Amino acid sequence: MRIFKRLAAVFAAAAVTLALSSCAGNKGILVKTPDLNVPFEAQVKIQAGELEMSGNLKRYGTGIWAMNAESPETLAGLELSYGDEGVKAKLGELALDIPAENINDGAVFAQIFKAVDSAAAAEELYCSDTEDGKVFSGEFAGKAYSITFDPETLAPVRIEIPGAEICGEFENFRIMTGEPETGETQVSETDTAHTEHTGQTEISE
């Protein structure tokens, strides 16, 4: 009887250890969300239905984003700035301000930004292990999304919003330092330091 009790205790301890070190089965378990509530920059490739585009993406804070489009050629050079007051769009000498109340909730960028902001605000999300990494799943405004993180660096590498047929691939993810609320953060490519807790690259001014 003592042997069985010891075996039961060993298996219980192993189960706890596995739960803490991985995301377990297909449905996943609730685990602490990787820290996305930081100013960051990344190259992103977006596919939404037949639309494909790429560019430089920056998050300065909740609801404060910037996107500089690089492709396709028809959108190259387009600069978008999202904030509490709305969206500012600039292409060459042309500029357009869109008030927040007139922004379409179904806009591709708006949905990606809201999904990431939702994950950044969540203390826990459902997580499952896949061949591509750790997949964290959540919802915003009734829409399901998933964000895949690199298992070693915990940097986001992919975001999907299936209901809107939106998929984004992240590359060269970097944490920015500065004043996120102003949107004036500058990134230096020559001064880098790796954070110990995530393995993500932090960029200093």
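The values are calculated or read from the model by the stated rules, or taken from the named source; none is laboratory data. Quick caveat, the model's predicted, so the values are computed rather than measured. The area values use the complete protein model at the heavy-atom level, side chains included, leaving out ligands, DNA and RNA. Shrake-Rupley method; radii C 1.70, N 1.55, O 1.52, S 1.80 Å.
Any of 32/90; 90/143; 32/58; 58/143 with alpha carbons more than 32 Å apart? Name them for me.
32/90
State, as an integer percentage, the relative contact order of segment 28-168 based on alpha-carbon contacts under 8 Å between residues 6 or more apart.
21 percent
Looking only at Cα atoms, what is the convex hull volume of segment 80-124 per residue, in Å³?
It comes to 81 Å³ per residue, whole-number rounded.
Normalised radius of gyration for segment 42-89, please: alpha carbon Rg relative to 2.2 N^0.38 Å, two decimal places.
1.15
When only Cα pairs under 8 Å and 6 or more residues apart are kept, what is the percent relative contact order across segment 77-129?
20 percent
Please state the Cα pair-distance histogram of segment 41-133 with 10 angstrom bins from zero: what percent is in each bin?
Calculated over all Cα pairs of segment 41-133, the distribution is 14, 44, 32, 9, 1 percent.
Just to verify a number: what accessible area does residue 51 come out at with the full protein assembly present, 1.4 Å probe, Å² rounded to tens?
70 Å²
Taking Cα centroids, how far is segment 156-179 from segment 40-91 in Å?
Centre-to-centre (Cα) distance: 11 Å.
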